[in-house]
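In what follows, a single structure is set out as structure tokens and then discussed.
Every number here is computed from the coordinates shown, using simple stated rules; none is lab data. Just so we're clear, the structure is a prediction, and the values are computed from it rather than from any experiment. Note that we place each Cβ from the backbone using ideal geometry, even for glycine, and neighbour counts take in every protein chain shown.
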Amino acid sequence: MAKLVVLKMNGDLEHQGFRVTLEIGSDCAPPEIEISGKLPPYPDLATYLCQWQHKYRSLGMPSRIKPQEIIYDGSITTRISECRQKAKVLINCLQRWFDSQEFRCINNTLREELKRNEAIRVLIRTDNLELQTIPWHLWDFFDRYSLAEFALTTTASQTPPKPLRKPKARVLAILGNSNGIDVQLDRQLLESLPNAETVFLVEPQRKKLNDYLWQQWDILFFAGHSETADDIGRIYINTTDSLTIEELEFGLKRAIAQGLQLAIFNSCDGLGLARHLASLNIPQMIVMREPVTDEVAQEFLKHFLKAFSGGKSLYLASREAREKLQGLEDKFPNATWLPVLIQNPRVVPLTWRELSTQKTDPKRQILTVLMASVLVTSIVMGVRYFGMLQPWELQAYDHLMQLRPAIESSDPRLLIVTIDEADIYYQNQKGMKRQGSLSDKALAQLLQKLEQYQPTTIGIDIYRDFSVDPNYPDLITRLKKHNNIFAVCKVPAESDGAPDGIYPPYEVPKERQTFSDFVADEDEVARRQLLYLTPPAKSPCTAENALSFQLARHYLLDKGIKADITPQGYLQIGKVLFRPLKEHTSGYQKVSAIGYQILLNYRFSGDQKKIADSISLRDVLNNNDQINSELLKNRIVLIGVTAPSTADHWKTPSHNKKIPGVFVQAHMVSHILSAVEDGRPLLWWWSSSVEALWIWIWSLLGGMIAWRYSKPEYLGLAVAGALLILFGICFGIFTQAGWIPLIPPALTLILTAIAVVWKIRR
């Protein structure tokens with residue numbers, strides 16, 4: 001939205017100077033800043049202005065002012081030089097006046113509050129004729145702010161009626177008395193206006209002109225001779241008739257009442273015309289302040305119409321066209337001083353698009369929205385099918401995971417025995433011979449102590465691809481005979497840095513061997529849980545079941561809950577069906593769906609390391625007082641390494657930092673147990689057809705928003721609001737374990753809105 005600067009000025013140049021009130025705000029809003037200042041009296045300024053006007057009017061160039069006898073003194077070259085000298089004096093005089101001490105607070109406030117990249121409308125609001133004659137663009141403020149332009153306005157004004165939206169802008173072009181001038185180029189320029197209906201009146205009679213003014217017009221254009229005498233503007237409509245604004249008052253009032261927005265007088269000495277038209281509350285006018293030649297008038301009109309109809313604001317189009325006249329100033333001095341914009345302060349200028357809104361059949365527009373939504377949805381679904389949106393969708397999934405409230409406590413069915421750097425150092429101190437992070441002696445002592453507390457199941461999440469030292473026969477026996485102890489091996493996987501795999505402990509029988517493999521995505525985040533697989537033929541690890549699955553299944557089997565495979569090939573434990581993850585499942589479009597995978601619904605308890613109670617190896621071996629029977633009895637005990645020096649650390653959706661793999665294993669065990677015993681929901685998703693319908697609905701909504709809201713700021717707010725609602729719905733469903741598309745519908749909403757805007761408004 002453009003910034004609005006208003007300078008209210010009262011006083012005179014001769015004696016008082018001018019009291020200046022500065023207001024800064026935005027269009028359609030009350031001023032945010034209001035301060036007072038002053039411009040000092042400067043009688044010489046009026047003198048210099050009159051001297052320049054006299055020299056300019058003495059140039060004697062063919063112009064659009066009423067033909068009259070002028071006595072020329074000297075050659076044209078001399079007259080041009082004298083005009084330029086007077087202009088230079090006037091410029092220096094104006095710069096000193098604008099830089100006066102009394103006006104400095106106004107200047108400083110403008111520079112402090114306005115940004116150079118903002119569009120700025122500056123209204124010079126005064127009834128003083130001398131101030132209205134000043135070339136305000138010479139104020140250095142406009143050099144600093146390239147997107148600012150000024151307009152003159154009076155102190156008294158009323159709000160005119162709002163224009164009706166029409167299929168095309170209606171232009172009434174009056175080509176008046178053209179004796180000695182060429183108005184045909186004006187006609188050609190108007191005829192080339194896009195999406196406009198232009199009616200030409202060539203040297204019309206007074207009655208015909210009056211009759212046409214009573215019709216509805218958006219733009220009134222006049223080209224021909226005109227003049228201002230005794231502050232009364234007059235246009236020459238044909239070779240015999242001339243009219244003042246007062247003589248056209250009723251027709252002009254009717255035109256304004258029906259929505260006339262802009263009057264362009266591409267003729268001479270138009271300030272008198274502008275003052276009388278302003279009293280009728282016309283929204284905007286463009287006039288020439290002094291006599292103007294054909295070439296200057298037509299060059300301005302050409303550039304103004306091109307910029308304005310091309311989408312620039314009225315103010316910036318006027319400034320651009322005015323500044324382009326500089327290329328003619330070698331022949332026509334001070335051509336850039338001539339065009340001036342007059343503005344009704346109660347009106348926000350319309351754009352050309354708003355003047356010429358295409359009136360399209362609503363049914364056709366709805367069809368456009370439908371077609372655009374179907375096309376955009378098809379493209380997005382195609383891009384999604386080939387996995388191009390998967391990284392974005394997984395990031396959105398992680399974000400939803402992180403936003404979930406931490407309302408779950410640790411799982412009381414689990415206990416984690418951790419082995420950190422201090423535990424490794426402890427074993428070394430005790431002279432325990434290690435192969436890896438856990439020595440045979442420490443493991444033997446650990447299992448012996450754990451057995452005292454009667455845990456249900458023990459999972460050793462540590463690779464032991466070597467034989468137990470014969471000096472520990474009790475450990476060998478426990479590993480071979482105790483049916484509640486499970487150990488791990490590793491299936492070959494290039495991505496895990498173990499292309500050859502890792503053997504299981506030799507003492508553990510096959511039925512209690514499990515694999516420890518995780519399935520991480522390309523960003524190394526573990527979002528999936530692998531339950532079982534068929535290992536490769538040459539794999540040293542022949543285990544078919546994951547450690548987490550085996551621990552949970554053994555625990556539940558003790559409670560009489562069995563795991564079965566349904567006729568459809570789905571895993572069912574008790575009454576809970578574990579739906580497998582495959583390609584083209586929600587955000588997963590391109591995924592290596594080896595084995596039986598499910599989405600891992602991490603327990604959301606804030607810190608993912610707090611999935612269960614944990615105790616260090618040292619504490620267990622030293623009979624720490626923290627240990628009691630209730631801490632271990634009937635629990636699943638996971639033994640794993642948490643030392644940072646090991647490679648078994650993984651990213652999770654809820655944490656950017658990696659956590660030890662034993663905690664991820666605990667989440668996986670808890671995931672199964674909580675679903676079967678507690679009714680905690682597994683993550684679910686829609687079928688592809690339902691997802692496509694969901695994505696298309698949001699695409700359709702984006703198209704409807706673009707069709708409904710025409711102003712960019714309203715359109716942006718509506719799209720932003722729709723995206724917030726979409727996110728809110730997706731997050732709300734995610735808290736209920738539903739993963740529905742977020743990124744694809746957001747894309748279709750935005751892209752369809754863009755497509756509809758382009759199609760309907762081009």
### Task
Would you mind calculating the gained length between residue 108 and residue 406 on full extension (0.36 nm times residue separation, minus the Cα-Cα distance), in nm to one decimal?
102.0 nm
### Query
Counting alpha carbon pairs within less than 8 Å and at least 6 residues apart, what relative contact order, in whole percent, applies to the stretch 169-355?
20
### Task
Kindly provide the pair-distance distribution of the chain built from C-alpha pairs, with 10 Å bins from 0 and whole-percent values in order of increasing distance.
2, 11, 16, 14, 10, 8, 8, 9, 9, 7, 4, 1, 0
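Between residue 205 and residue 12, what FRET efficiency comes out of the Förster formula 1/(1 + (r/R0)^6) with R0 = 30 Å and r the beta carbon distance, rounded to 0.05?
For R0 = 30 Å, the calculated efficiency reads 0.10.
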### Task
Report, in degrees rounded to the nearest 10, the 0 to 90 angle that the Cα long axis of helix 547-557 makes with the longest principal axis of the chain.
60
#### Entry: Candidate lysines for bridging to residue 88, where Cα separation is under 29 Å - those fewer than 8 sequence places away on the same chain excluded
8, 38, 55, 66, 302, 324, 331
### Message
Please list 3J(HN,Hα) in residue order for the stretch 571-588, calculated via the Karplus relation 6.51 cos²θ - 1.76 cosθ + 1.60 where θ = phi - 60°; whole Hz, with x for glycine and proline.
### Response
7, 10, 10, x, 9, 9, 9, 9, 6, x, 8, 10, 4, 6, 9, 6, x, 8
#### Entry: Antiparallel content of DSSP bridges confined to the stretch 3-153, in %, to 5
60
### Query
With axes computed from alpha carbons, what is the tilt in degrees of helix 104-113 against the longest principal axis of the chain, rounded to the nearest 10 within 0 to 90?
30
### Per-residue ³J(HN,Hα) for the stretch 718-726, Karplus 6.51 cos²θ - 1.76 cosθ + 1.60, θ = phi - 60°, Hz, x for Gly and Pro
5, 5, 4, x, 5, 5, 5, 5, 4
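If each residue's Cβ is checked for other Cβ atoms within 10 Å, how do 562, 8 rank with the fewest at the top?
On the way: 562 11, 8 19.
Least crowded to most crowded, the residues run 562, 8.
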### Query
Hey, rough spin-label estimate for residue 656 and residue 366, points 7 angstrom out along Cα→Cβ, what's it come to in nanometres?
4.9
## Note on the structure
If every Lys and Arg gets +1 and every Asp and Glu gets -1 at its Cβ, then about the Cα centre the stretch 169-355 yields a dipole, in debye to the nearest 20, of 640
### Query
If contacts are Cα pairs under 8 angstrom and at least 6 residues apart, what is the relative contact order of the chain in percent?
11
### Task
Could you tell me which of rounded, prolate or oblate describes the stretch 152-224, using a ≥ b ≥ c as the square roots of the eigenvalues of the alpha-carbon gyration tensor, with rounded for a/c under 1.5 and, failing that, prolate when a/b is larger than b/c and oblate otherwise?
prolate
## Note on the structure
antiparallel share of DSSP beta bridges within the chain, to nearest 5, in %, is 45
### Summary
Taking Cα pairs closer than 8 Å and at least 6 residues apart, the relative contact order of the stretch 668-745 in percent is 44
### Task
Report the percentage of all Cα-Cα pairs in the stretch 169-355 whose separation exceeds 22 Å, rounded to a whole percent.
40
### Task
Treating only the Cβ atoms of Lys and Arg (+1) and Asp and Glu (-1) as charged, compute the dipole magnitude of the stretch 544-632 about its Cα centre; round to the nearest 20 debye.
420
### Message
Over 19 Å between Cα atoms: which of 711/759; 312/711; 433/481 fall into that group?
### Response
433/481
#### Entry: Cross-link partners of residue 363 among aspartates and glutamates (Cα-Cα below 19 Å; sequence separation of 8 or more within a chain)
none
